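The values are calculated or read from the model by the stated rules, or taken from the named source; none is laboratory data. Because the structure is a prediction, the values reported are computed rather than measured. Using ideal geometry, Cβ is built from the backbone for each residue, glycine included, and neighbour counts are taken over all protein chains shown.
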Amino acid sequence: MQFARALRRLGLLAATTVLFNLPGLAQAQIGSARYAAVVIEPNSGNVLFGANADAPRHPASLTKMMTLYMVFDALRAGRLELDQRLEMTETAASRPPSKLGLPPGRTITVENAIYALVTKSANDVAALLGETLGAGSEARFAQMMTLRARAMGMTSTTFRNASGLPDVEQITTAHDMATLGRRLLHDFPERYHYFGTRTHRMGSIALRNHNRMLDEYEGVDGIKTGYINDSGFNIVTSARRSNVRLVVAVFGGSSWVERDRHAAALLERGFSQMGVGESRGLMASAAPAAAAT
């Protein structure tokens, strides 16, 4: 079977088990106390599958989805411009990796900042955007993020920073983050293309997206990965097949490989459930991504 051979070449054959035995696959992941997952159909918001979907979890760099939502909103309102240059501050520059490593005083355009979050998941740039939109205070920006999340119905989410760096009080759920993915799709269709960026060059700096599913699973066009020790490997991803789109959130993977296998499996089951036919499969030539999280 061509589909199975493609999966085997990627080491992702386990993903096909979802077509026959999703409960068994999910149960294996539930062995992790950090595991949570949800599949939603974004037009209706209907939940096709959920496991611990409303349990509190740490978002890690999925936080940057909300940072970008706020940036897109500011662009639409004219509070930011894509070619506007932002000056790196000492506070933002001090954030730990993953980061661009821009020194204080160096500038970056808003558009390159967007690319830096989508690809490199740059914590220093996320903090800089937070300071810019929070009138000089990333903490104030985090409060703004939380208020916006609550207005979206993400009632179990609290943000404490713009990057997703560890904070015991920074909490969300798989369902809330899938909701955020859905809102990015629907509220900013003109900006969603950024999440499908595989590579981006800023002068001498070459950035590659941490989200390997862009190259692994046909139809995936976003959205964001994340990892801290307390969260495990997280992802919110979206894929389209025929006229059907799904959004999947997976939290608590023990590795990016396990996380991506499970996300692919959930997509397979979801598309099957939506009646759009047999999978066109995972791509056989997934290019390596540096420092995937």
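Of all residues in region 109-129, which are closer than 19 Å to Arg79 by Cα, hydrophobic (A, V, I, L, M, F, W, C) and touching a residue at least 60 places away in the same chain (Cβ under 8 Å)? Within region 109-129, Ile114, Ala126, Leu129 meet the criteria.
Looking at Met154, is it part of a loop (DSSP other than H, G, I, E, B), touching a residue at least 12 places away in the same chain (Cβ under 8 Å) and buried (at least 19 other Cβ atoms within 10 Å of the Cβ)? Yes, satisfied.
Consider region 192-248 and keep the residues that are of a type in the set (Lys, Arg) and assigned to a loop (DSSP other than H, G, I, E, B). The one that is nearest to Leu48 (Cα to Cα) is Arg212.
For (1) closer than 23 Å to Val250 by Cβ; (2) at pLDDT 95 or above; (3) more than 18 Å from the chain's Cα centre (by Cα); (4) not in a loop (DSSP other than H, G, I, E, B), each residue gets a yes or a no:
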{"position": "Arg5", "(1), (2), (3), (4)": "no, no, yes, yes"}
{"position": "Arg9", "(1), (2), (3), (4)": "yes, no, yes, yes"}
{"position": "Leu22", "(1), (2), (3), (4)": "yes, no, yes, yes"}
{"position": "Ala28", "(1), (2), (3), (4)": "yes, no, yes, yes"}
{"position": "Phe49", "(1), (2), (3), (4)": "yes, yes, yes, yes"}
{"position": "Ala74", "(1), (2), (3), (4)": "no, yes, yes, yes"}
{"position": "Arg95", "(1), (2), (3), (4)": "no, yes, yes, no"}
{"position": "Lys99", "(1), (2), (3), (4)": "no, yes, no, no"}
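Of everything in region 159-215 that is of a type in the set (Gly, Ala, Ser) and under 18 Å from Arg148 (Cβ atoms), the residue that is farthest from the chain's Cα centre (by Cα) is Ala162. Just to be sure, is Leu117 within 21 Å of Tyr192 (Cα to Cα) and touching a strand residue (DSSP E or B) at 6+ places or on another chain (Cβ under 9 Å)? So Leu117 passes the test.
The residues of region 236-251 that are touching a residue at least 60 places away in the same chain (Cβ under 8 Å) and buried (at least 24 other Cβ atoms within 10 Å of the Cβ), listed by number, are Val236, Ser238, Leu246, Val247, Val248, Ala249, Val250, Phe251. Can you tell me which residue is nearest to Asp187 (Cα to Cα) among those in region 72-109 that are charged (D, E, K, R) and loosely packed, with under 15 Cβ neighbours inside 10 Å? My answer is Arg76.
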